[in-house]
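Working notes, structure below.
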Amino acid sequence: MHYMMSVERVKRVYNLRDNPQTSYYPMGEFDEIFGKIWRGLRKENKNLFPTESEIKDSAIYKASPLHKLTKEQVKARELIIQKVSEALEKEKTKQLIFIDGEAGTGKTVLTSSTFYELYCQAEESNKALKCQLLVNHDEQIIVYEQIAEKLGLTEKYGKVVSKPTTFINNHSENAPIDVAFVDEAHLLLTQGKQSYRGENQLKDIIDRARVTVVMFDENQILTTEQFWESQILEKYRNQAKAENNHIALYKQLRMQVDSATMDWVDSFTKERCLKKIPDTFGGYDIKVFDKPELLDVEIQKRAKESDSMLSRVIATYDWKYSSNHKPEDRLMRYWEVMIGKWHKPWNRELESELTRKEKRAIKGLAWAEQPQTINEVGSTFTIQGFDLNYAGVILGPSVKYRNGKVIFDPSESCNEKAIRNRTLSDGTKQKFGEILIQHEVRVLMTRGVNGMYIYACDPELQKALLEAAK
């Protein structure tokens, strides 16, 4: 059922909940046996039974509630369900469950699994349940909507997935829903903008739900309107801790890395320190390239292999881009990432050149799943929350190396949402571009499941990375 839900031609799965046994004979041979069965089915019908690598690379599969959870995730899910049951029985309101977890610790799967489990339990006990899943991310919301539709939740309960602003505008404090799940809660707005007239989306969601469950990673905040002042963030975290409603996820589930390699990524993206790149002996693959062309060729090569088709080039937002208008330079056909003679269109630029049939074929697919995007460069706006087999990371001019330290330079960034002023709660204006670019680099450098290839535009950083790779 888990596989079938990820198949494009399958519109609905009638799934009973999984068997909770964690150990049985011949569990050790399960993957091999199932692989043989699947390949046999594929011989009968290639459209209905794609390759296993195609299934496992799909965004729906990766966010599916039908994943077998880790012990850490099971414990978290049980606690959330227990707390929700208590709150609903005692008619409590404005309860907050706060889950801290870094990129790749399984927050999305925990969200979708717990969300679905609550609906399953409500159906079994014939209880009415009003539950919403909210995410402030254009790509991820499409994935959740597809999952809800395929599981029959949309047909039974109507719209159960939405953006935070839509939810806030359509719900009242006087009639709170039972549970609001917020995935990628670090993307919630903490100040008003054109589409959102409030001051803090999390407060507004809590006011409209009996229980609010948030998945949070402050290292993935990318824009000034998402920036959380430390005292406000700690207020919510401490509110959850006071009710024993705080959970921390630690286990890295996305990147197939050992502790030394993860420490290297953490040192670069958190401590601004460039250490020697560790030898991984056939594990996670980190390579440094001295030309963007060579990095691009290597990613193209990976994308042609059946077990790493989801490999793409991604970059810091250091080259101009606008989704609303074409480049002013008439010689430029697209908004592009340009380094010397090498250039490649930014994400979403090639979509307009597809035929009607090709556009239909990619409808509902995440950016990295679309075939034409192998000829584009992704940004945090299209890749945040998603996996790649291999990530070709271009560190633009905003990432430098000076006096033994990694430097993040807002003056070289084209990300207006990160480098503009932010008005704080006390009325003062501050810039947070440096920390937000640091977060941007961390998002990019934690996308690759099996490896990361790096090219740096800054000559000193490039030289230091090549030295570190020796």
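The values are calculated or read from the model by the stated rules, or taken from the named source; none is laboratory data. Here the structure is a predicted model, which is why all the values come from computation and not from measurement. Reconstructed Cβ throughout: ideal geometry from the backbone, glycine too, with neighbour counts over all protein chains shown.
Entry remark, region 95-126: residues being modelled with pLDDT under 95, within 15 Å of the chain's Cα centre (by Cα) and in a helix (DSSP H, G or I) number 0 in total. Checking each residue of region 91-109 against the condition of being small (Gly, Ala, Ser), within 18 Å of Phe216 (Cα to Cα) and either without any contact (Cβ under 8 Å) to a residue 60 or more places away in the chain or out of contact with any helix residue (DSSP H, G or I) (no Cβ under 7 Å at 6 or more places or on another chain) (or both) gives at least one match. Kindly indicate the residue of region 244-255 that is touching a residue at least 24 places away in the same chain (Cβ under 8 Å) and surrounded by fewer than 16 Cβ atoms within 10 Å (Cβ to Cβ) and also nearest to Lys83 (Cα to Cα) among those meeting that condition. Restricting to residues being touching a residue at least 24 places away in the same chain (Cβ under 8 Å) and surrounded by fewer than 16 Cβ atoms within 10 Å (Cβ to Cβ), the top hit is Ala248.
Selection within region 160-199: residues that are crowded, with 22+ Cβ neighbours inside 10 Å and among the aromatic types (Phe, Trp, Tyr). The member of this set that is nearest to Leu96 (Cα to Cα) is Phe181. Close contacts from region 257-281, counting a first residue that is touching a residue at least 60 places away in the same chain (Cβ under 8 Å) and on the phi < 0 side of the Ramachandran plot and a second that is of a type in the set (Ser, Thr, Tyr) and part of a loop (DSSP other than H, G, I, E, B), with Cβ to Cβ under 9 Å and a gap of 6+ residues or different chains, come to Val265/Thr446; Thr269/Thr446.
Spot the failing condition for Arg402; the list is (1) surrounded by 24 or more Cβ atoms within 10 Å (Cβ to Cβ); (2) more than 21 Å from the chain's Cα centre (by Cα); (3) farther than 21 Å from Lys431 by Cα, and only one is missed. All conditions pass for Arg402, except number (1).
The rows are residues; the columns are (1) under 20 Å from Gln384 (Cα atoms); (2) outside the structural domain of Glu86 (by TED's automatic domain parsing); (3) not β-branched (Val, Ile, Thr).
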| site | (1), (2), (3) |
| --- | --- |
| Ile232 | no, no, no |
| Tyr236 | no, no, yes |
| Asp263 | no, yes, yes |
| Asp266 | yes, yes, yes |
| Cys273 | no, yes, yes |
| Pro278 | no, yes, yes |
| Glu305 | no, yes, yes |
| Ser311 | yes, yes, yes |
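Based on this model, can you work out whether Glu434 counts as surrounded by fewer than 22 Cβ atoms within 10 Å (Cβ to Cβ), at pLDDT 95 or above, assigned to a helix (DSSP H, G or I) and in contact with a Pro (Cβ under 8 Å, 6 or more places away or on another chain)?
Working: surrounded by fewer than 22 Cβ atoms within 10 Å (Cβ to Cβ): yes; at pLDDT 95 or above: yes; assigned to a helix (DSSP H, G or I): yes; in contact with a Pro (Cβ under 8 Å, 6 or more places away or on another chain): yes.
Yes; evaluated as a whole, the condition is true for this residue.
For (1) surrounded by fewer than 21 Cβ atoms within 10 Å (Cβ to Cβ); (2) part of a helix (DSSP H, G or I); (3) touching a residue at least 12 places away in the same chain (Cβ under 8 Å), each residue gets a yes or a no:
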position: Val337; (1), (2), (3): no, no, yes
position: Lys359; (1), (2), (3): yes, yes, no
position: Ala368; (1), (2), (3): no, yes, yes
position: Thr373; (1), (2), (3): no, yes, yes
position: Gly385; (1), (2), (3): no, no, yes
position: Ile394; (1), (2), (3): no, no, yes
